[in-house]
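Here the structure is laid out as structure tokens; the discussion comes afterwards.
The values are calculated or read from the model by the stated rules, or taken from the named source; none is laboratory data. Computed from a prediction, not measured in an experiment: that's the story for all the values here. Note: ideal-geometry Cβ built from the backbone for every residue, glycine included; neighbour counts use all protein chains shown. Note: accessible area is taken over every heavy atom of the protein model, side chains too, but ligands, DNA and RNA are not part of it. Shrake-Rupley method; radii C 1.70, N 1.55, O 1.52, S 1.80 Å.
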Amino acid sequence: MNLKNKSEIVIIGGGIAGSSLAYHLAKLNKTDVTLLERHQLTSGTTWHAAGLIMQLRSTHTFTELAKYNVELYSTLESETGVSTGFKQNGTLGVARTKDRMHENHTIASIAKSFNIEAEIISSSEAQKIYPSLNKKCIEGAIYIPKDGQTNPVDTTMSLVAGAKQLGVSIHENTEVIDVKKLPNNSFRIFTKNGEIICEKLVIACGLWTRNFAAKLGINVPLYPAEHFYVVTEATKEATKNLPVLRDTDGHVYIKEDAGKFLVGAFEPWGKAIAIEKLPQNIPFIELPEDWDHFELPYTKAMELLEPLENIGISKFFNGPESFTPDLLFALGEAPEMKNCFISAGYNSEGIEFAAGAGRALAEWIVEGSPTMDLSAVDIARFHSFQNNRNYLQERIPEILGLHYKPHWPHYQKITGRGVRQSNLHDRWKKLGASFGEAMGWERPMWFAQKGKSTDNIYSHTKPNWFEATEMECKAARESAIIIDQTSFGKHLIQGSDSLSFLQRTCSSNVDVPIGKIIYTHMLNNKGGIETDITINRRSKTEFLIISSATMQPRDFYWINRSIKENEKVLVSDVTSSYTVLSLQGPKSRDILAKLTQADLSNEGFPFATSQEIEIGYTAVIANRLTYIGELGWEFFIPTEYSLNVFDDLMITGKEFGLRPAGYHALEHLRSERAYREYELDLTPVDTPLEAGLGFTIDWDKLGGFIGLDALIKQKNEGLLNKRLVCFRLKDPKAVLWHEEIIYRNGEIVGYVSSGAYSFNFGCSVALGYVKSNQGINKDFVETGNWEIESAGVRYKAEASLKPFYDPNGDKIKG
Ligand SMILES: Cc1cc2nc3c(=O)[nH]c(=O)nc-3n(C[C@H](O)[C@H](O)[C@H](O)COP(=O)(O)OP(=O)(O)OC[C@H]3O[C@@H](n4cnc5c(N)ncnc54)[C@H](O)[C@@H]3O)c2cc1C
């Protein structure tokens, strides 16, 4: 078939990602679609995948994306006539430790939310399901009977057959050599078989995506790593009905493969390989075997499955796969370029996620925006530094290992550290800071006592930093704390249309007096929250927007994307210009008063206002704000002046009990006060009404704002069917983090979006969206019998629409 010279959508890459997208676009009646593959279909990474299929992930969002795989792969053959090789023989996830059993329980709870069958079983029960299993080395297991394994090549060919039957054009041996963006936002694609113009372009080139996307100036941080499995000789032990065996503590998985065992690994430390070191431009790449590297997982496999000791190996397979710096794939419209989409970086889970990701991206392309919460995998989340080769080369081996390492709450990666540092870094270090990383920033997480180690000892119930964090939280509530929040994203909006632009895009009224601070959101057309920001009006036409560190790149792109062609608005990233110190707590005014002439009274400096004040030698922007629920100020200090301001604050604060505090304390304190956090409590599928943030909406703003119609509709429909609710456990021992299941009167109604131990109350607090067709109001919340399930145990809880700490905000008004 000759290449057409025009196609509405062109997909580059004929692996499972591109093929699934082609199939799902066709299902949505988009059939003017052309898929271009430089060699044969599946010849990149897809052909050699082991094909394990799991529906459950460690979070609700990812389970939502993954679980469709079983539904699709088990029915595709009947639709397309091409077999997928899908076999629903289940997964047996064994645990060698109690902590791993804890994780299994969490996954089993998530299964309940989705009505996915999953059972926690003993080691003896596990052995009944898998007779050759050595039960002595395990504590127990999770059994998920409807999981399975598929043949990646057959599954891809079945997707391609489905797409073709609906009219999609598929071209093999058609390498895309170059691509040019045309002035009308379409693309001219140059292949070795001719040119083609398209309105929308999708780059699904697997591990080659990073370099290909760079031709268009698009940032896709991913990097190849070697990925291994071995196939044994045929053996009678490898019977067809065996489930996939997953031994995360042993870093191995084992599946039956045509009467043999396939033993694959996610070894603790992977082997990154630069793309230039891979064989160039050949299909079906195989890399040399490396028994030294494979020794640990294979030893563990033999420990678990003793017959392996006496079975020979028929094949050692080593193939390249792409990994991303945060272990999450990259999906969606490239922030740098309209109409160009990415689907790549599958971290060795491309077969599992291709079904859900293909459908989600097809809907995004057809509808113009995502139809579900994809913020965690949104390509716009990455910062440009993450595409640095040295960073990737160092980070990727750790990432590969993380698949099977314990999933500790607040785990800190150890590679690619020290990328971005506040200029107070050394001061914090001297004070005993244990640092954590967010978007490359090194941030104090907690402060060790003098002479004590700053290393983290992780736990599902009581990590070693709790002791220090408790003292920091106590100081915040009783005296004062100082936190380095330099990692805030800071964007300056300027230009004659800046006000009208912000009025159109923000849900609050931004036309406020100079010096007023507004907490607001930018919404999508469905009223969902896209950015959670604070705006400081600096002049008639200048606004300083503050975002969280992790959301900064995405916010930057969302703001830029929202500017209309003729609007005179300039967005500058001024993140590096300011060090941010937050002085919080009942004694904060007393400390500050000793250092400045400014009137700090409620009348002279009301809450949610900003003034330029002098501290010592320096003029700083002082914002009277809090994220912990106390009297406090955030200082934006021109970077080079920050050391002297810091020293002044620390010296003066001494007599008032001022204490340095870290991000863990911030998390515990903001949870007590029920302040929302983006990505956890707020996402693009939550509206401000559902999030309990109706007070931020200006319903009467002249000209309205993006998302207003959806909010009006939601308001007019009466009681909400989904609402963020605050919880407090009655049991003082249980510790909540996130994802725990919420019950009302014995029925599952939601899950915890963020939880933390409250040292103030002596029990855990949490936030979570509750769903009910009955409609949710104060009465619904107060009359319910609430429980929260953590690791299989149900704990009684109190529920409230208001925060449990300082419900009326009296302390803030201090
Ligand atoms: C050993 C191993 C075991 C694995 N096991 C599993 C598993 O059990 N479960 C699971 O879910 N995942 C597994 N994976 C991962 C899975 O194979 C990948 O995540 C998935 O195949 C990625 O699919 P893709 O379509 O993104 O990339 P690919 O399959 O690499 O497809 C990209 C395609 O783009 C083409 N291309 C590149 N550049 C161009 C160009 N310029 N013009 C035209 N075409 C181009 C390439 O030729 C290639 O065919 C495993 C991987 C390995 C290595």
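Once the other residues with Cβ under 13 Å from the Cβ of GLU256 are scored (Lys, Arg +1; Asp, Glu -1), what is the net sum?
+3
Counting each pair of different Cα atoms once, what's the Kirkwood radius of the chain in Å, rounded to one decimal?
28.1
Taking θ = phi - 60°, what integer Hz values does the Karplus form 6.51 cos²θ - 1.76 cosθ + 1.60 yield along region 393-402, in sequence order, with x for Gly and Pro?
Per-residue couplings from phi come out as 4, 7, 6, 4, x, 5, 4, 4, x, 5 Hz.
Do you know the relative contact order of region 143-296, to the nearest whole percent, from alpha carbon pairs under 8 angstrom that are 6+ apart?
Relative contact order for region 143-296 comes out at 15 percent.
How much net charge surrounds ILE748 when only the other residues with a Cβ under 12 Å from the Cβ of ILE748 are counted, with Lys and Arg +1 and Asp and Glu -1?
Residues near ILE748 contribute 0 overall.
Tell me, what is the 1.4 Å probe accessible area of CYS205, in Å² to the nearest 10?
20
Looking at region 121-203, which GluC sites (Glu not before Pro) are in a loop (DSSP not H, G, I, E or B) and have at most 16 other Cβ atoms within 10 Å? Spell out each step's value before the answer.
Working: sites: GLU125, GLU139, GLU172, GLU175, GLU195, GLU199; in loops: GLU139, GLU172, GLU175.
When the GluC sites (Glu not before Pro) of region 121-203 are filtered for loop state and at most 16 Cβ neighbours within 10 Å, GLU172, GLU175 remain.
Given the rule -39500 (n - 2.57) for each run of at least 4 DSSP H residues, summed and divided by the residues of the chain, what is its mean residue ellipticity at 222 nm, to the nearest 500 deg cm²/dmol?
-7500 deg cm²/dmol
Work out, step by step, the length gained on full extension between ASN808 and GLU199: first 0.36 nm times the residue separation, then minus their alpha carbon distance; give nm to one decimal.
214.0 nm
Would you mind pulling out the separation of the Cα centroids of region 272-338 and region 663-713, in Å?
Centre-to-centre (Cα) distance: 42 Å.
Please report, as a whole percent, how much of the solvent-accessible surface of the chain comes from carbon and sulfur atoms (probe radius 1.4 Å). Each step should come with its number before you reach the end.
Working: 15150 of 31000 Å².
Of all accessible area on the chain, carbon and sulfur atoms account for 49 percent.
In whole Å, how far is the Cα centre of region 159-237 from that of region 34-88?
Region 159-237 and region 34-88 have Cα centres separated by 17 Å.
Order LYS429, LYS128, LYS450, LYS802, most accessible first, counting only protein heavy atoms with a 1.4 angstrom probe.
Largest to smallest exposure gives the sequence LYS450, LYS128, LYS429, LYS802.
Could you state how much accessible area ILE313 has, in square angstrom rounded to the nearest 10, with a 1.4 Å probe and all protein chains kept in place?
It works out to around 60 Å².
Return the long-range amide H neighbours of VAL574 (sequence gap of 5 or more, or a different chain), with a cut-off of under 5 Å between placed amide H atoms.
LYS490, HIS491, LEU492
Step by step: find N for region 377-525, compute 2.2 N^0.38 Å, then divide the Cα radius of gyration by it. What's the final number?
1.34
Rank these by accessible area, largest first, 1.4 Å probe: ARG744, ARG538.
ARG538, ARG744
Name the longest site-free stretch of the chain, where the excluded sites are chymotrypsin sites (Phe, Trp or Tyr not before Pro) in a DSSP loop with no more than 14 other beta-carbon atoms within 10 Å.
That would be 1-268.
Taking only C-alpha pairs under 8 Å that are 6+ residues apart, what is the relative contact order of the chain in percent?
It rounds to 11 percent for the chain.
Jot down the per residue volume, in cubic angstrom and as a whole number, of the convex hull over the alpha-carbon atoms of region 492-575.
Once divided by residue count, the hull of region 492-575 is 84 Å³.
For region 189-287, compute Rh as the Kirkwood radius over C-alpha pairs and then the Stokes-Einstein diffusion coefficient at 25 °C and 0.890 mPa s; write the answer in µm²/s, rounded to an integer.
Stokes-Einstein gives a translational diffusion coefficient of 143 µm²/s.
Around GLU787, with a cut-off of 12 angstrom between Cβ atoms, what is the net charge of the other residues, counting Lys and Arg +1 and Asp and Glu -1?
Around GLU787, the charge tally is -1.
Read phi for every residue in region 478-483 and hand back ³J(HN,Hα) as whole Hz from Karplus 6.51 cos²θ - 1.76 cosθ + 1.60, θ = phi - 60°, with x for Gly and Pro.
10, 10, 6, 10, 10, 10
Check which residues have an amide H placed less than 5 Å from ASN509's amide H, if you skip close sequence neighbours.
ASP698
Can you tell me how much longer the chain between SER124 and TYR519 gets when fully stretched, taken as 0.36 nm per residue apart minus their C-alpha distance, in nm with one decimal?
Difference between extended and current length: 136.6 nm.
What is the set of long-range amide H partners of ASP326 at a cut-off below 5 Å, with H atoms built 1.01 Å from backbone N?
none
Rg and Dmax of region 3-77 over Cα atoms: what are they, in angstrom?
14.5, 45
Can you give the angle from 0 to 90° between the axis of helix 642-653 and the longest principal axis of the chain, with both taken from C-alpha atoms, to the nearest 10?
60
Determine the relative contact order of region 292-398: mean sequence separation of Cα pairs under 8 Å and six or more apart, normalised by residue count, in whole percent.
Contact order relative to length: 24 percent.
May I ask which of LYS4/LYS200; LYS271/LYS413; LYS200/LYS564; LYS730/LYS813 have a Cα-Cα span longer than 22 Å here?
Pairs exceeding 22 Å: LYS730/LYS813.
Using only protein heavy atoms and a 1.4 Å probe, report how much of SER500 is accessible, in Å² to the nearest 10.
Its heavy atoms expose roughly 60 Å² to the probe.
Can you work out ³J(HN,Hα) from phi for every residue in region 562-572, in order, using Karplus 6.51 cos²θ - 1.76 cosθ + 1.60 and θ = phi - 60°, giving whole Hz and x for Gly and Pro?
Each residue's phi maps through the Karplus curve to give 7, 6, 6, 3, 9, 6, 8, 9, 10, 10, 10 Hz.
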